[in-house]
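The values are calculated or read from the model by the stated rules, or taken from the named source; none is laboratory data. Small disclaimer: the values here were computed from a predicted structure and weren't measured. Heads up, the Cβs are rebuilt from the backbone with ideal geometry, glycines too, and the neighbour counts pull from every protein chain shown. In case anyone asks, the SASA skips ligands and DNA or RNA and just uses the protein heavy atoms, side chains included. Shrake-Rupley method; radii C 1.70, N 1.55, O 1.52, S 1.80 Å.
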Amino acid sequence: MVRIQAIQSIPDKIDSKLWEKIKDMSQKDKNYLVRGYALGAYSNYVEFSDITSMREFVFDRLDKEKYGFNKIFAYSSLYMLGDERSIYPLIRMFDSKNYRNKCAVLNSLLDILNEKNKDIIKQFVDKKNKNKFPNSIQPLFDELVEELAKL
């Protein structure tokens, strides 16, 4: 939990040593949650590498990860690195039975929501809006609906 909180508290501006540490954690940490959060943070620091090699790295991680939670972060990172097709498997990950994965998808969609992808995310919301979600998921879903309405 300490490593996860440390990753989540990393500021927007970091040095290349810390970026390499994040990259290393996304590959080698024994805890799958740490690897997932590190993958999510990895794409925030594109100034340290070219986007093509970063995308290749995340695709490699995606192939090697067996946990849905980590795949969600990989798809989100790929989208942020310019792979627009990654939004579709990211959205499909919402169908997981695991509430943590559902929350991770919603958080990822909130992170990547913009004018360019709003119609795709709106289709997802409209399709799922008929459902009543548990209290662990409903507030995030409602937040996504609100943010969509602002665009």
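Observations on the structure shown:
- Among the residues making up region 25-84, those that are closer than 21 Å to residue 117 by Cα, open to solvent by 60 Å² or more (accessible area, probe 1.4 Å) and of a type in the set (D, E, K, R) are 55, 84.
- Failed criterion for residue 105 (all others in (1) open to solvent by less than 20 Å² (accessible area, probe 1.4 Å); (2) part of a loop (DSSP other than H, G, I, E, B) hold): (2)
- Extreme residue, modelled with the highest pLDDT, among residues of region 121-149 that are touching a helix residue (DSSP H, G or I) at 6+ places or on another chain (Cβ under 7 Å), under 18 Å from residue 100 (Cβ atoms) and open to solvent by 50 Å² or more (accessible area, probe 1.4 Å): 143
- If you check 16, 26 for being of a type in the set (Ser, Thr, Tyr) and modelled with pLDDT of 85 or more, only one passes: 26.
- Figure legend. Inter-residue proximity from region 108-133: first residues closer than 22 Å to residue 40 by Cα, second residues assigned to a loop (DSSP other than H, G, I, E, B) and open to solvent by less than 70 Å² (accessible area, probe 1.4 Å), beta-carbon distance below 8 Å, spacing 6+ or different chains. Indicated pairs: 121/113.
- In this structure, residue 64 does not satisfy being under 12 Å from the mean Cα position of the chain (by Cα) and of a type in the set (D, E, K, R).
- Filter result for residue 116 (out of contact with any Asp or Glu (no Cβ under 7 Å at 6 or more places or on another chain), assigned to a loop (DSSP other than H, G, I, E, B) and open to solvent by 10 Å² or more (accessible area, probe 1.4 Å)): yes
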